[in-house]
1. Can you confirm whether the stretch 80-91 contains a residue that is in contact (Cβ under 8 Å) with a residue 60 or more places away in the chain and more than 30 Å from residue 243 (Cα to Cα)?
2. What are the pairs with Cβ atoms under 6 angstrom where one residue, in the stretch 170-189, is under 17 Å from residue 235 (Cβ atoms) and the other, located anywhere, is outside any loop (DSSP other than H, G, I, E, B) and modelled with pLDDT under 70? Sequence gap at least six, or different chains.
3. Within the stretch 165-173, identify whether any single residue is under 17 Å from the mean Cα position of the chain (by Cα), over 29 Å from residue 320 (Cα atoms) and in a loop (DSSP other than H, G, I, E, B), and answer yes or no.
4. If you check 280, 252, which single one turns out to be in contact with a strand residue (DSSP E or B) (Cβ under 6 Å, 6 or more places away or on another chain) and closer than 23 Å to residue 57 by Cβ?
5. Which is touching a residue at least 60 places away in the same chain (Cβ under 8 Å), closer than 24 Å to residue 302 by Cβ and crowded, with 21+ Cβ neighbours inside 10 Å, of 150, 129, 119?
6. When you go through 237, 275, 283, 247 one by one, which is the residue that is in the same structural domain as residue 189 (by TED's automatic domain parsing) and either buried (at least 22 other Cβ atoms within 10 Å of the Cβ) or assigned to a helix (DSSP H, G or I) (or both)?
7. Residue pairs, Cβ under 6 Å, 6 or more apart or interchain, first in the stretch 64-79 and under 19 Å from residue 274 (Cα atoms), second part of a loop (DSSP other than H, G, I, E, B) and modelled with pLDDT of 95 or more. List them.
8. Can you tell me how many residues within the stretch 80-109 are touching a strand residue (DSSP E or B) at 6+ places or on another chain (Cβ under 8 Å), assigned to a loop (DSSP other than H, G, I, E, B) and surrounded by fewer than 18 Cβ atoms within 10 Å (Cβ to Cβ)?
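The values are calculated or read from the model by the stated rules, or taken from the named source; none is laboratory data. None of these values were measured; they are calculated from a predicted model. Neighbour counts run over all protein chains shown; Cβ positions are idealised from the backbone, glycine included.
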């Protein structure tokens, strides 16, 4: 595993150098609609600035050569379909969306507007395409998960805490994607746990109350995996605090958890995914067809470890993990 970023053969950013796009009258600016599950203050959200900066490298300037329309419904279930429909009604040239669930909401509303997705779990299983190499619908983008990651997560938990007896996967089966996807991932985790002589448990949580109940059932013999879905992310502070209270070794699907006090994250670089998406947006705006842009899967991953959290939990991070780590937080 590389110590630096990250992801895939994204030749598009290297092969297609930046060009200056001529300024156009405001009414004729190409529109890029963005449906983002980010929560909290949008100005502090780290991934969108990376996206805008990469667009700038290609000559796309918000308000001058392009119009970015961003909607952030967060965990508001009533707001999500409204925001998605509002973006569609703007007749954007391209749509950008993060997460499997948010992508499915847009996919239900248009089969014509090109969609670039980020952090989708399984594009084919989700029904977004019949092929990775040549997308068959109006969608392409960048996936978050690889089948081998289930085994890696169990291995990491076992290495950092050899005496764990059970692994719990906590997720929202609806907002995380679909029940079909959830069942596939859970089957992989169950098999990975069995291969390491660990019990397996599933915790389905759709809100903070259910998260608190699930966390309260865990103890020092448990290892926890927190899935990459909007519900978990919106409640990350609660999850991190409860993991500390119950002294549970946990690994997360996004590295921001670790920066905020979580123990470990095994993931792809989210900012890198957004930069890659900007490359696809650039090419689509310049005339490339969706089917010419392959859906890309991660090939390298980041391992972030919070050493201060490990110490607070009474854990000694083995040298093998220290050597693999992309980022160590003291």
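1. Scanning the stretch 80-91 turns up at least one residue that is in contact (Cβ under 8 Å) with a residue 60 or more places away in the chain and more than 30 Å from residue 243 (Cα to Cα).
2. 173/179; 173/182
3. Within the stretch 165-173, one or more residues are under 17 Å from the mean Cα position of the chain (by Cα), over 29 Å from residue 320 (Cα atoms) and in a loop (DSSP other than H, G, I, E, B).
4. Every option except 280 fails the conditions.
5. 119 is the lone residue from the list that is touching a residue at least 60 places away in the same chain (Cβ under 8 Å), closer than 24 Å to residue 302 by Cβ and crowded, with 21+ Cβ neighbours inside 10 Å.
6. 237
7. Note: pairs meeting the criteria are 66/29; 66/30; 66/60; 67/29; 69/90.
8. Qualifying residue count for the region: 3.
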